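Below you will find the structure I want to go over with you.
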Amino acid sequence: MGKELTKLNVQTQIQTHQSFGTKTTKAVLVAIVYLFLSIFLLLPLAAIFIKAFEKGADVYLASITDPGALSAIRLTLIVLAITVPLSAVFGIAAAWLVTKYDFKGKNVLVTLLDLPFAVSPVIAGLVFVLLFGTTGVFGPWLLDHGVKIVYSLPGIVLATLFVTLPFVARELIPFMQSQGSSEEEASLTLGAGGWKTFWYITLPNIKWALLYGVILCGARAIGEFGAVSVVSGHIRGETNTMPLHIEILYNEYQFSAAFAVASLMSILALITLVLKNILEKKTKTAGKGA
């Protein structure tokens, strides 16, 4: 009896020490994570808004309503409005192809989807210049036909499209794989056509994952700098997006104006973050429901 009590006491002490050690480790890890988040995310974000309003609200409003700033905001929204729907259509098509069909080169296609993640955006921009610039592969032909791609809106759209293409597809592929194809097969068996099955079965099932991918795609499009910087030409009032406009203002020592425009991008980023978290929960719920 005494030995059993001793063994029980020892086990209790071990469990107590383990529990204490687990709680201590958890507290330390939480403290480290929040410390890093504060230093590398929250403080810089706060500094942007402090610097933006450093010279008062009048200077802030003047900075974000400046013709150059308004042009950059307008161009950014135009590029966003073009690239996000195109990326969404491509993402749906690619996800449908990968998850519903078996074909030669399927693994190659899946690998190519990750190419924009692996290639530097600057290199992507240089490729477009080499292809469509005035001295590029197709440059002379485009010049003869009065088509301008590099240093204009089409080039910026192409560069942004390249870096945003994978987001929707990469979100939809695992989601559609987890759902399977039993509902689509049942619909086709009952006589519904392919498009009808897509609109009434597939699209409602993937809507939250699709919106999640679109949000990520939009955030990437708004913040893209490298590829756009190469193909835009930095023409103020014409080919400057918001990130490029911020860079020019900063290089010209117009710090308050630069941080004012940067604060707008930060607000967009925060909105994107909130929407992302909401849609992430919706996507997980939809996945469990499937």
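If we sort 225-231, 63-69, 265-271, 38-44 on the protection proxy, mean other Cβ atoms within 10 Å, highest first, what's the order?
225-231, 63-69, 265-271, 38-44
Another question, if that's okay. Which of the peptides 120-128, 274-282 is most tightly packed, and how do the rest follow, judged by the mean count of other Cβ atoms within 10 Å per residue?
Averaged packing, sorted descending, gives the order 120-128, 274-282.
For region 80-149, which trypsin sites (Lys or Arg not before Pro) pass both filters: DSSP loop (anything but H, G, I, E, B) and at most 16 other C-beta atoms within 10 Å?
Sparse-neighbourhood loop trypsin sites (Lys or Arg not before Pro): Lys104, Lys148.
Could I ask something else about it? Report, in degrees rounded to the nearest 10, the 0 to 90 angle that the Cα long axis of helix 67-100 makes with the longest principal axis of the chain.
For 67-100 against the chain, the angle is about 60 degrees.
If contacts are Cα pairs under 8 angstrom and at least 6 residues apart, what is the relative contact order of the chain in percent?
Normalised by residue count, the contact order of the chain is 29 percent.
So what's the projected area for the chain, the Cα convex hull averaged over all directions, in nm²?
25.5 nm²
Additional query: Which ³J(HN,Hα) values in Hz, rounded to whole numbers, follow from the phi angles of region 271-280 under the Karplus curve 6.51 cos²θ - 1.76 cosθ + 1.60, where θ = phi - 60° and Gly and Pro get x?
Ordered by residue, 3J(HN,Hα) equals 4, 4, 5, 5, 4, 4, 5, 5, 5, 5 Hz.
Add -39500 (n - 2.57) for each DSSP H run of 4 or more in the chain, then divide by its residues: what number comes out at 222 nm, to the nearest 500 deg cm²/dmol?
One gets -26000 deg cm²/dmol as the mean residue ellipticity at 222 nm.
Values quoted throughout were computed directly from the atomic coordinates according to the rules given, and no laboratory measurement underlies them. This structure is a prediction, so every number in the text was calculated from the model and none was measured. Ideal geometry is used to build each Cβ from the backbone, glycine not excepted, and the neighbour counts take in all protein chains shown.
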